[in-house]
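Colleague: If you scroll down you'll find the structure; I have some questions about it.
The values are calculated or read from the model by the stated rules, or taken from the named source; none is laboratory data. Given the structure is predicted, the values throughout are model-derived calculations rather than measurements. No Cβ is skipped: glycine too gets one built from the backbone with ideal geometry, and neighbour counts run over all protein chains shown.
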Amino acid sequence: MVLQSAGIDLSALTVLSGTIGIGIGFGLQNIANNFFSGVIILLERPVKVGDRIQVGEINGDVVRIAIRSTTILTNDNINIIIPNSEFVSNQVINWSHNDRNLRVTVPVGVSYSSDPEEVKLVLLQVADDHPDILQTPRPDVIFSDFGSSSLDFELRVWTKTRIQTPKILRSEMNFRIFEAFKKRGIEIPFPQTDLHFRSSDVPFWEKKDESCGKG
């Protein structure tokens, strides 16, 4: 009232304050979203410190859960800070939600001349000899398909100690499988294509008549 009695127009200040209020509201919206998402994570515990999770293309171990964000440590020793709203609104894969057991599948192709039962026994023996493969649940072998150039199998194993490095474990298994197949004479084929020619009375070319054009 004093300002108005002094002749100062407050309508401009009203518009300015409203604009500032809207800007602050939009700015606080993300903060509030992450804050309440952090409360949900701490209460429901869909992820917890020590879990192996995957959010989009990010894969790593949860090392810290705060009110606003969660920190993930990748295999490259990089800390990635993810807003908590990502865990509530997007799909999150928790590899160790129930326990630390992880199943790893190793695809293998062998020649059609191989004995499937022998292949199964060799694959199971390779799995039993690896120190990081669990015996419970037991490894198993699936005869998955008759491929175009190979008999396709899948060796499925469980591990608890290699949950951070499943690709390294799969690589180690491939090295061991290759050596075992080499000792047993089991061939690992490569894609081949057979080309057949049909016989025909029509020659591929005709001999030119050299007498043509002469008198």
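Yes/no matrix, rows are residues, columns are (1) farther than 30 Å from residue 43 by Cβ; (2) out of contact with any Pro (no Cβ under 7 Å at 6 or more places or on another chain); (3) outside the structural domain of residue 66 (by TED's automatic domain parsing):
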| position | (1), (2), (3) |
| --- | --- |
| 83 | no, yes, no |
| 89 | no, yes, no |
| 93 | no, yes, no |
| 119 | yes, yes, yes |
| 160 | no, yes, yes |
| 169 | yes, yes, yes |
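Colleague: Could I ask something else about it? Against the conditions (1) crowded, with 18+ Cβ neighbours inside 10 Å; (2) under 22 Å from the mean Cα position of the chain (by Cα), where does residue 50 fall short? Just the number, please.
Modeller: Only one criterion in (1) crowded, with 18+ Cβ neighbours inside 10 Å; (2) under 22 Å from the mean Cα position of the chain (by Cα) is unmet by residue 50, namely (1).
Colleague: Among the listed residues 41, 58, 81, identify the single one that is touching a residue at least 24 places away in the same chain (Cβ under 8 Å), over 19 Å from the mean Cα position of the chain (by Cα) and more than 25 Å from residue 173 (Cβ to Cβ).
Modeller: Just a single option satisfies the conditions, and that option is 41.
Colleague: Which one of these does residue 141 not meet: (1) over 17 Å from residue 105 (Cβ atoms); (2) β-branched (Val, Ile, Thr); (3) under 23 Å from the mean Cα position of the chain (by Cα)?
Modeller: So the condition that residue 141 fails would be (1).
Colleague: Filter region 153-171 down to residues that are among the charged types (D, E, K, R) and farther than 15 Å from residue 121 by Cα, then give me how many there are.
Modeller: Number of matching residues: 4.
Colleague: Follow-up. State yes or no: is residue 13 at pLDDT 80 or above and part of a helix (DSSP H, G or I)?
Modeller: no
Colleague: Now a separate question. Looking only at region 82-93, decide whether some residue is at pLDDT 85 or above and closer than 24 Å to residue 158 by Cα.
Modeller: Yes, because at least one residue in region 82-93 is at pLDDT 85 or above and closer than 24 Å to residue 158 by Cα.
Colleague: While we're looking at this one, here's another question. Please note which helices (runs of 4 or more DSSP H) are completely contained in region 73-186 and include at least 3 residues that are touching a Lys or Arg at 6+ places or on another chain (Cβ under 8 Å) and surrounded by 13 or more Cβ atoms within 10 Å (Cβ to Cβ).
Modeller: Qualifying helices (runs of 4 or more DSSP H): 116-129.
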